[in-house]
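Student: Sharing a structure, written as C-alpha cells. Questions coming.
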C-alpha cells in the first residue's frame with residue numbers, strides 16, 4: 001500500500017510539474033540588465049536582445065509581446081537567430097519584428113532559420129548537444145526573411161562585419177560589429193578584418209554576435225576584440241532547477257553560463273546568452289526558465305579600471 005501511495009504521489013507531482021512547465025512556456029518576460037562596456041564619458045545605450053522566437057503562425061500572444069517591445073525605444077536591436085519554426089510562420093515573424101525594424105538593428109541566423117522544426121526525443125536533449133538529421137536540406141524561406149531585414153537597414157552578420165553610428169554630434173558612438181554563422185551547423189568562419197578594424201580607437205564599442213555560443217566561437221569573437229558577445233540557442237537550459245540553474249546548454253558552453261550576463265572566462269569581455277522567447281513546437285515546455293527578451297543598458301566603464309563590468 002505504501003509503495004502504491006508513493007507511486008501515486010510521484011505521478012501527481014510529475015503531472016503538476018508538466019502542467020506548470022506548459023504554462024511557463026507562455027509566460028513572457030522582459031529582463032533588464034546593465035553592462036559597463038562603453039567609453040568613460042559615453043552616453044548610455046539601450047540594446048534590445050531577442051533570440052529563439054521559434055514562432056508558429058498561431059502564436060498571437062508572443063507576436064503581440066514582441067511588437068510592444070518597440071515602446072522601449074531601444075537604440076539598437078539585436079536578434080541572434082531561430083526566428084520561425086515552419087515556412088508558413090515567416091510572415092508571422094516579420095509581423096512581430098516590423099515595429100522594431102524602424103530602429104537600428106543587426107542579426108545572425110540559427111539552424112532553425114534554415115531547417116523547419118521536426119520531432120525529436122525530448123529526453124535526448126538532456127544527454128548533450130542536439131544534431132540535425134543526416135541528409136536534411138534547408139526547407140525554410142531564409143533568403144526572403146533575410147532580405148526583408150537587410151532592406152530595413154539591419155546588418156546581416158553571418159560570417160560578416162559591419163559598423164554603425166548611434167546618436168548624433170558629440171554624443172555619437174561608433175560601433176563595430178562582427179558575427180559568425182551558426183556554429184551548431186559548423187558554418188562559423190571569422191571574416192577577415194576590414195581596413196581600420198584593428199585600430200581600437202575607431203570604435204567606442206565592439207559587439208560580437210553568434211547564435212550558438214560554442215566555446216570556440218565565443219573565443220574567436222573575444223580574441224577579435226568584442227567587448228560584449230550576444231548569443232542565444234540554449235533556451236537558458238529550458239529545464240532548470242531552482243537555486244541551481246540550467247542542467248544543459250545544448251552546446252559545449254558550461255551550463256552555468258547558459259543564460260544571463262557573465263564575464264567570459266580569462267578575459268575582460270562580457271557575454272549575454274538570451275534564454276529566448278520560444279521552444280520547439282514539439283517540446284513546448286519551460287521549467288524555472290521563463291521565456292525572455294532582454295533590455296541591456298550599456299553604460300560607461302568604471303573610469304578607475306577602463307575594463308568592462310556588469311551589474312544586474
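Each value in this text was obtained by applying a stated rule to the coordinates, not by laboratory testing. None of these values were measured; they are calculated from a predicted model. Cβ coordinates were reconstructed from backbone atoms using ideal geometry, including for glycine residues, and neighbour counts include every protein chain displayed.
Student: Contour minus end-to-end for residue 174 and residue 88, with contour as 0.36 nm per residue of separation and end-to-end as the Cα-Cα distance?
Tutor: Fully extending the segment from residue 174 to residue 88 adds 27.2 nm.
Student: Given points 7 Å out from each Cα along the Cα-Cβ axis, report the residue 223 to residue 241 separation in nanometres with one decimal.
Tutor: For residue 223 paired with residue 241, the spin-label model returns 3.5 nm.
Student: Pull out the extension gain between residue 71 and residue 215, defined as 0.36 nm times the separation in residues minus the alpha carbon to alpha carbon distance; nm, one decimal.
Tutor: 48.4 nm
Student: Calculate the FRET efficiency for residue 303 and residue 186 from the Cβ-Cβ distance with a Förster distance of 45 Å, rounded to the nearest 0.05.
Tutor: The formula returns an efficiency of 0.60 here.
Student: Among 214, 115, which comes first, then next, by fewest other beta-carbon atoms within 10 Å?
Tutor: 115, 214
Student: Then there is this: Run the simple label-point estimate for residue 137 and residue 116 please: 7 Å along Cα→C-beta, distance reported in nm.
Tutor: Inter-label distance under the simple model: 1.4 nm.
Student: With only alpha-carbon pairs counted, each pair once and no self-pairs, how large is the Kirkwood hydrodynamic radius of region 15-120 in angstroms?
Tutor: Result for region 15-120, one decimal place: 15.4 Å.
Student: Continuing with this model, one more query. Roughly speaking, what is the stretch gain from residue 43 to residue 150, that is 0.36 nm per residue apart minus the C-alpha to C-alpha distance, in nm to one decimal?
Tutor: That pair, residue 43 and residue 150, stretches by 35.8 nm at full extension.
Student: Using the per-residue mean of other Cβ atoms lying within 10 Å as a proxy for protection, in what order, highest first, do the peptides 146-159, 257-270 fall?
Tutor: 257-270, 146-159
Student: Moving on to the next point. How do the peptides 67-74, 279-286 rank, highest first, by the average count of neighbouring beta carbon atoms within 10 Å per residue?
Tutor: 279-286, 67-74
Student: Here is a further query. How long are the three semi-axes of the equivalent ellipsoid of region 178-279, in whole Å, if each is the root of 5 times an eigenvalue of the C-alpha gyration tensor, listed from largest down?
Tutor: 26, 14, 10
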